[in-house]
1. Exactly one of these conditions fails for Met125: (1) out of contact with any strand residue (DSSP E or B) (no Cβ under 6 Å at 6 or more places or on another chain); (2) farther than 24 Å from Glu15 by Cα; (3) open to solvent by 100 Å² or more (accessible area, probe 1.4 Å). Give me its number.
2. Does any residue in region 58-71 that is closer than 16 Å to Asn24 by Cα come within less than 7 Å, Cβ to Cβ, of a residue that is of a type in the set (S, T, N, Q) and more than 11 Å from the ligand (Cβ to nearest atom) six or more places away or on a different chain, and which pairs are these?
3. When region 58-75 is examined, which residues are found to be more than 8 Å from the ligand (Cβ to nearest atom) and either more than 20 Å from Ile17 (Cα to Cα) or not in a loop (DSSP other than H, G, I, E, B) (or both)?
4. What are the residue pairs meeting all of these: first residue in region 122-140, first residue polar (S, T, N, Q), second residue open to solvent by less than 80 Å² (accessible area, probe 1.4 Å), Cβ atoms under 6 Å, and 6 or more apart or on different chains?
5. Conditions: (1) open to solvent by 90 Å² or more (accessible area, probe 1.4 Å); (2) modelled with pLDDT of 95 or more; (3) part of a helix (DSSP H, G or I); (4) not small (Gly, Ala, Ser). Arg105 meets all but one. Number of the miss?
6. So which residues in region 138-170 are under 15 Å from Ala128 (Cβ atoms) and either assigned to a loop (DSSP other than H, G, I, E, B) or of a type in the set (Asp, Glu) (or both)?
7. For Gly50, only one of the following conditions fails: (1) more than 12 Å from the ligand (Cβ to nearest atom); (2) surrounded by 15 or more Cβ atoms within 10 Å (Cβ to Cβ); (3) at positive phi. What is its number?
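The values are calculated or read from the model by the stated rules, or taken from the named source; none is laboratory data. Everything numeric in this text was worked out from a predicted model, so none of it was measured. All Cβ positions, glycine included, derive from the backbone under ideal geometry; neighbour counts span all protein chains shown. Accessible surface areas use protein heavy atoms only, side chains included; no ligands, DNA or RNA. Shrake-Rupley method; radii C 1.70, N 1.55, O 1.52, S 1.80 Å.
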Amino acid sequence: MVMLKFGKYFSRAFETIGNALRLNTFLRNLDATQIEKISSAMYPVEVQAGAIIIRQGDLGSIMYVIQEGKVQVVKDNRFVRTMEEGALFGELAILHHCERTATVRAIESCHLWAIERNVFHAIMMESAREKTMTFKRYLKWSNRFCGYPEEVLLRIAEFCTEMRYEAREELVVKPQYVYLVCRGSVSSFFSFLGKMLE
Ligand code: CMP
């Protein structure tokens, strides 16, 4: 389910969730579209002080971002750390399909944002599919690959990676890679640096 979020309250939520995703070790490579879709899919959860949100050893299916409040992480009955506004937790079971690695308890009443594993994975798969199709289109439009059969272009596209550079930032060209230069949106101008193939 994707919720439409408008207004000041939700723009603060988008900022909090986006920053939490960007700062997380395992999620920091998400792109802007993925972050927006995940933020849109997160729903609010209110938790009372003292409540256990995640129990170590359980099979977890929800990842959380703290909008307000404070939680405590306890692993093997040992205090690990506290987390507050802007922190993300519960990502390990979602990403690795493992048991919950720690217990997370609210030490203040908390306002959280939550997302289910299947929604998260559906967003990731959809965006991977969209990216592959975009790469395939770029390949097809390039002088170098335009004559290749569709299934070969698709296979190559599955291995493409997007790289972004700021203005005047230098790109160190590696001879083992082929580079497609894309400007603006998907439908706009792009050119192929055929020289790098030689
Ligand atoms: P998960 O294993 O899904 O559920 C418990 C969560 O606690 C875990 O994801 C992390 O988000 C968090 N967590 C576990 N261990 C630590 C740790 N050592 N430091 C910080 N957070 C942790």
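1. (2)
2. Val65/Thr16; Gln67/Thr16
3. Listed by number, the residues that qualify are Asp58, Leu59, Ile62, Tyr64, Val65, Ile66, Gln67, Glu68, Lys70, Val71, Gln72, Val74.
4. Qualifying pairs under 6 Å: Ser127/Gln34; Thr132/Ala157; Thr134/Val186.
5. Evaluating Arg105 over (1) open to solvent by 90 Å² or more (accessible area, probe 1.4 Å); (2) modelled with pLDDT of 95 or more; (3) part of a helix (DSSP H, G or I); (4) not small (Gly, Ala, Ser) leaves (3) as the failure.
6. Within region 138-170, Glu158, Phe159, Cys160, Thr161, Glu162 meet the criteria.
7. (2)
For (1) of a type outside the set (Lys, Arg); (2) more than 30 Å from Tyr9 (Cα to Cα); (3) modelled with pLDDT under 90; (4) away from the ligand (no atom under 16 Å from the Cβ), each residue gets a yes or a no:
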site: Phe120; (1), (2), (3), (4): yes, no, no, no
site: Thr132; (1), (2), (3), (4): yes, yes, no, yes
site: Leu139; (1), (2), (3), (4): yes, yes, no, yes
site: Ala167; (1), (2), (3), (4): yes, yes, yes, yes
